[in-house]
Structure formats: C-alpha cells, structure tokens
1. Which three lengths, in whole Å and largest first, does the chain cover when its Cα atoms are put on their principal axes?
2. What angle, in degrees between 0 and 90 and rounded to the nearest 10, separates the Cα long axis of helix 59-80 from the longest principal axis of the Cα atoms of the chain?
3. Could you work out how far the C-alpha centroid of region 3-17 sits from that of region 85-124, in angstrom?
4. Each label point is 7 Å from the Cα along the Cα-to-Cβ direction; what then is the distance between the points at Ile132 and Thr10, in nm?
5. About the Cα centre of the chain, how large is the charge dipole given +1 on each Lys and Arg Cβ and -1 on each Asp and Glu Cβ? Please answer in debye to the nearest 20.
6. So how much slack lies between Glu20 and Glu143, counting 0.36 nm per residue of separation and subtracting their Cα-Cα distance, in nm?
7. Helix 138-151 versus the longest principal axis of the chain: what angle, 0 to 90°, nearest 10, using Cα atoms?
8. What dipole magnitude, in Debye to the nearest 20, does region 83-164 give about its Cα centre under +1 on Lys/Arg Cβ and -1 on Asp/Glu Cβ?
Amino acid sequence: MSRIGENPITIEEGVQVSIEKNIVTISGDGKELKISLPEHITVEVKDNVVQVSRDNEDKQSKSVHGTIRMLISNAIYGIKHGFEKRLELVGVGYRARMEGTTLVMSLGWNHPVKRESPEGISIEVPEETKIILKGYDKQKLGEFAAKIRSIRKPEPYKGKGIRYEGEYIRRKSSKSGVGA
C-alpha cells in the first residue's frame, strides 16, 4: 500500500486541474504542465481535491502510484509558488555573470562557458559567486541545475567547483605525504 499515493492533494487558488484521457493538465498564471498517466493509475478531481488511485495491486501499479501523486502535487505547488535552486562557485577566479538570458561563467579555463536559459527557467546572479535558478517545473529545474554543476563538479582536495548551496563536499587529504 502506498501511503503517499493515498493522500489527497488540495488544489490551491488560481490553479486549474483538468484530465483528458491519460493526461493531467495543471495550469494557472499563464503556465502549464502536463503529466501523462500510466495504464493502471486513475485521477479524479472533486471539490478542489485531487485523488490518485490504482486499479490493481500488481508491482508496477504500486511502484508508480506514489510517484504520480507527487508529480501532480509538485506541479500544483510549482505553478502557484515556483521552485528555486541555488548554486555556489568556489575557486580562485571562478565568476558568473549574465549577458541577456545567457549565463556566462569563468571557471579556470582559457574560455568562458556559456549556458542559455531554457524556457520556463530564469537565472539570477546576485553576486559573482552565486547563481539562483527559478522555475515552475521541478524536474526541468533540477536537470538544468545538474547540467550547470556537471560543468565543473567540486573536487575533493581543495573543494573547487560548482556546488549546490549548503552541499557538503567530503575532503581528502593531499597525496604529498604518502611516500615519506
């Protein structure tokens, strides 16, 4: 039994949820997200409450039940409030700046690294070493943040690189004293 999947989702004010065949559409404030449903999952909307249920008890239905419920819940929250990811640049000379909608980063190479902002995601650079990503689609936002982080992952010796704010980097001792 999925404990998460059984919980009802309350629809917040200003958000509309509609169901057509196997697609749940969540919209509001000019934003729209679509979630496709697997075969054995059904979604009902009654009195500003969304209820997700499954038709049978096979393993696939059970494993997807809670996931679909959380996807719908995150979409409703994202349309109303939005999500945010914060990144830090750690290292000598590591800087970021905006040129229009393009994020330009200096990461210790002889060329700057440029990343264009995808649709639905806004980028802010309040300081040279901080990047704030905002968007209403949690999955798309997390994927874009991971792509930026993968450009220069934090290394374990000095901790230089791009990291999520508050992320702990496990440090290693240097290799210089091993042979003595």
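1. Sorted from largest, the Cα extents of the chain read 66, 45, 22 Å.
2. So the helix axis and the longest Cα principal axis differ by about 70 degrees.
3. Region 3-17 and region 85-124 have Cα centres spaced 35 Å from each other.
4. With each label point 7 Å from Cα toward Cβ, the separation is 2.8 nm.
5. Magnitude of the dipole: close to 1320 debye.
6. 41.5 nm
7. Tilt of helix 138-151: around 20 degrees.
8. That gives a dipole near 320 debye.
Here, each number is a calculation from the coordinates, and none is a lab measurement. Keep in mind the model is a prediction, meaning the values are calculated, not measured. All Cβ positions, glycine included, derive from the backbone under ideal geometry; neighbour counts span all protein chains shown.
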